[in-house]
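The values are calculated or read from the model by the stated rules, or taken from the named source; none is laboratory data. Remember, predicted model here, so these are calculated numbers, not experimental data. Reconstructed Cβ throughout: ideal geometry from the backbone, glycine too, with neighbour counts over all protein chains shown. Remember, those area values only see protein heavy atoms, side chains included, never the ligands or the DNA or RNA. Shrake-Rupley method; radii C 1.70, N 1.55, O 1.52, S 1.80 Å.
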Amino acid sequence: QVLLVFAEEDEQSNGFRWACDKAGFRCNLARTPQSALECFLDKHHDIIIIDHRHSRHFDAEALCRSIRTKKASENTVIICVVQRHTDREESSILPLISAGFTRRYVENSSRMACYNELIQLEFGQVQAQFKLRACNSLFTALEKSQEAIEITSEDHVIQYVNPAFETMMGYQIGELIEKELTEVPINEKKADFLDTINSCIKIGKEWQGMYYAKKKNGDSIQQNVKILPVIGQGGKIRHYVSISRLCNDNNKVEKTCECIQAESQTDTQTCRHKDMRKGSLDVRSTTSRGSDGSSQRRRSSMARVHSMTIEAPITKVINIINAAQESSPMPVAEALDRALEILRTTELYSPQLGTKDEDPHTSDLVGGLMTDGLRRLSGNEYILSAKQTHQVAGSLSSPISLNDIPPRITQAMENEEQWDFDIFELEAATHKRPLVYLGLKIFARFGICEFLNCSESTLRSWLQVIEANYHSSNSYHNSTHSADVLHATAYFLSKERVKQTLDPIDEVAALIAATVHDVDHPGRTNSFLCNAGSELAILYNDTAVLESHHAALAFQLTTRDGKCNIFKNMERNEYRTLRQVIIDMVLATEMTKHFEHVNKFVNSINKPLAALEENGNNGDGESIRTVLRSPENRILIKRMLIKCADISNPCRPREQCIEWAGRISEEYFAQTDEERRQGLPVVMPVFDRNTCSIPKSQLSFIDYFIIDMFDAWDAFADLPNLMEHLNNNIKYWKGLDGRNLRVLRPPP
């Protein structure tokens, strides 16, 4: 946000206003110091530009001093616009700096000059101020942390300790700052340990173990220590950050100690903070002006520390392995080290691909569907906002009830309870509006109106609004896809094992989630939206962008108008429960957690059920019920159900499978075309309409995402017809690929 303070409108103020519009910055204009101060206290602008050319209007330096007295201005960049003098010597900028200005701008009303100034500010001072703001949050976390934290420079000079460290070691506030570690009482064995630690971390390996330290009063305390090297500028170790916990009398680890190395640049100014402990800490070491890798590792480490405080199950596993290492022979300890490396990754459930050259189709699919883009800044912005349509457009009259559906549509839906139901026949019969009609029939079959205590007309209005907010221009993500997923969901809900597991509220949630799971989909992937800097990507922090939007918009569309609010007669607690299940199921369709959902389903449901069968307990209904009905497992089953429904195309009859393959390929082709037009990163290069092999892309998708998931779902729900279609479709695509054909169908 930018605040312009100009007493009068002139070419200079107009130039900055134009530049703000071009840069996409929100801009306010103030004419007097009082209005400027009031506006700033209300908006907290990132940049303030004050006119200092005409002192007769107001005192620019006095205004700057007034703003700087406000705490809100601590991270604000203030620019002084001064007159251009060509006939006298350059004046000093020190008075402006003393008044609180960040820099000066010599008047130049050229629009591009104003724009360039703003862009330089954004990527210079403003970005630096954003980092400083983040530091306050980090310092607050450090101050309140129960772990003892000590930060030293590369020369082992103490630059920061938190209250927990001072309490544990018996020191007063600020007493340790700027002391060398050699000035602090330590156990005589510690020097040997430091040699061991340094020999390990200097080659980039982490070290973990226990050692004794001495408190200020000379008492020895035992600590468990873990040191993680983080390389800073110049490829060197710049800080050691020690996060430690004590051990109790029985030598059982109560707290862990973790050391990370961060980057330091001693020539920077110190961080302003109300606590004197922070006065010695180099701000740039925490905002990381060093390598991106250093910054990423630092954030990762803080995440691990946080997870330790809440005792996540994975943390307990790691602690058990750490304890086992203490008394293990070297070969066992090394093997446990390798196990720990695997456990500490954030991709525990994702299989590791080989080199990209081995299978570019799989690699591109993974990159396009399971990542949130390249995070590359672009001058282009992809605008996407929710449509406000509340009426279904089109020439087809809306049905009054199920009894008024035209005969052709009724005939197209005759076998909707069967897996081989043809959604494309219904699409043609309804003029690309299959969701309303199929929704009415399926929701009636499952008694949704009775459960929700809503009228059929309300349900019909709701289906119309939801369908109107699907983009018919999308080749794949349109209301036909939604209707297809709704049909698959209803089919899965009719399977005996699923019916044993889920309650009526789960069935209602599943059908609603299937209906809305892609509403307002723009026909582009999450990676595209993140790379394009879309409004949605910014709103949802580049995380599950589309899925979050689908869920949020679905409830906005539903609750904003009583005529289509299917939830309006529900009891509050029941509505909250239903809403939570719907949101969870929609978010489960996001592909970044695909393998996590599948592996949890296999390990928590498939394997226990198989073990019961192997032990001869197949008839033990109570044991099976325990597995199926636990709240955690029911969540996994609902997620797996909608995931399978969402990407079940390869398990459909051949002609449907081929049609869906053509539609998704066309959507990916269109995305690649647009990425190249806009100069964005191409996240799936193999989907070039001139070179792509559709059979290869289908085989890669099936091999990587479909086979294991549907093997697991089939083992649970018993779906032999789906697996037969899947096998036939694999043979079909392999046949085309074997003939080096890149198209959907062989030539006549």
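Heavy-atom accessible surface of residue 169, to the nearest 10 Å², is about 10 Å², with a 1.4 Å probe and all protein chains retained. By its C-alpha gyration tensor, with a ≥ b ≥ c as the square roots of the eigenvalues, how is segment 563-622 shaped: rounded for a/c under 1.5, else prolate for a/b larger than b/c, else oblate? Because a/c hits 1.5 or more and a/b fails to exceed b/c, segment 563-622 counts as oblate.
What segment 2-141 shows is 53 Å² of accessible area per residue, with the surface traced by a 1.4 Å probe over protein heavy atoms. Here the ratio of the Cα radius of gyration of segment 591-748 to 2.2 N^0.38 Å is 1.27.
The distance from the alpha carbon centre of segment 578-602 to that of segment 124-163 is 36 Å, rounded to a whole number.
With the gyration tensor restricted to C-alpha atoms of segment 631-700, the semi-axes of the equivalent ellipsoid amount to 29, 18, 9 Å, longest first.
With a threshold of 23 Å on the Cα-Cα distance, the over-threshold entries among 144/593; 22/43; 432/731; 71/131; 607/643 are 144/593; 432/731.
Other residues within the sphere of radius under 9 Å centred on the Cβ of residue 470, judged by their own Cβ, net out at -3 (K and R +1, D and E -1). Each Lys or Arg adds one and each Asp or Glu subtracts one; over the other residues with Cβ under 11 Å from the Cβ of residue 424, this totals -3.
Once backbone amide H atoms are built at 1.01 Å from N, residue 245 has 224, 256, 257 as its partners under 5 Å, excluding neighbours fewer than 5 places away on the same chain. Histogrammed with a bin width of 10 Å, the alpha carbon distances of segment 2-141 distribute as 12, 43, 35, 8, 1, 0 percent, first bin at zero. Residue ranges 552-559, 482-489, 643-650, 666-673 sort as 482-489, 643-650, 666-673, 552-559 when ordered by packing (mean number of other C-beta atoms within 10 Å per residue, highest first). The Rg/Rh ratio for segment 29-80, using Cα coordinates for both the radius of gyration and the Kirkwood hydrodynamic radius, is 0.92. For segment 513-532 and segment 442-481, what is the separation of their C-alpha centers, rounded to whole Å? Spelled out, the Cα-based centre of one part sits 18 Å from the other.
Could you state the number of Å between the C-alpha centres of segment 21-42 and segment 692-748? Taking the Cα centre of segment 21-42 as reference, the centre of segment 692-748 is 59 Å away. When the alpha-carbon atoms of segment 132-173 are used, the pair Rg, Dmax equals 11.0, 31 angstrom.
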